[in-house]
Amino acid sequence: MTSRFVPARRLSDLARLRRVRDRIDREYAQPLDVEALARGEHMSAGHLSREFRLAYGESPYGYLMTRRVERAMALLRRGDLSVTEVCFAVGCSSLGTFSTRFTELVGVPPSVYRRRAAGATAGMPSCVVRQVTRPVRNREAPVIGSRLA
């Protein structure tokens with residue numbers, strides 16, 4: 001009886017984690033914190049953080065900041081907003097934290113990225129732009145071997 005309960009419980013937790021991830025993707029510009037995300041799924045913040053890290057390889061906060069940086073990259077490429085305006089537009093309340101995380105993920109500060117990216121993707125289809133400019137998360141799982149081989 002226990003063996004049936006554990007997989008069902010795990011599937012239920014994974015569904016809740018997916019809803020949390022989807023909420024982060026949808027509401028990245030809103031003030032979100034782990035407590036609010038956990039409360040929305042009737043979980044404790046500690047349990048959500050542990051399970052989210054197991055499922056996706058990074059904390060909910062790390063995932064949120066990665067999404068914010070991705071959106072910031074798109075806004076910075078447009079070139080019509082300052083770094084400060086972009087920071088607040090993507091939901092960050094601290095320019096210092098935003099710049100630090102942006103630099104960690106992208107490799108250059110937002111101001112440098114904005115200057116370099118202004119014309120770098122001109123003429124590329126948007127689907128290609130999204131792929132080549134997507135930041136690599138610090139804890140992204142490495143590709144081990146090919147499944148097609």
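Throughout, read-outs are computed from the coordinates displayed, never taken from laboratory work. From a predicted model like this one, the values you see are computed outputs, not experimental measurements. Cβ: placed from backbone, ideal geometry, glycine included. Neighbour counts: every protein chain shown.
The table for this structure:
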| item | result |
| --- | --- |
| Residues ARG23, ARG39 arranged by fewest to most Cβ contacts within 10 Å | ARG39, ARG23 |
| Per-residue Cβ neighbour rank within 10 angstrom, fewest leading, ARG67, ARG9 | ARG9, ARG67 |
| Estimated FRET transfer efficiency (LEU95, SER126; beta-carbon r; R0 25 Å; 0.05) | 0.35 |
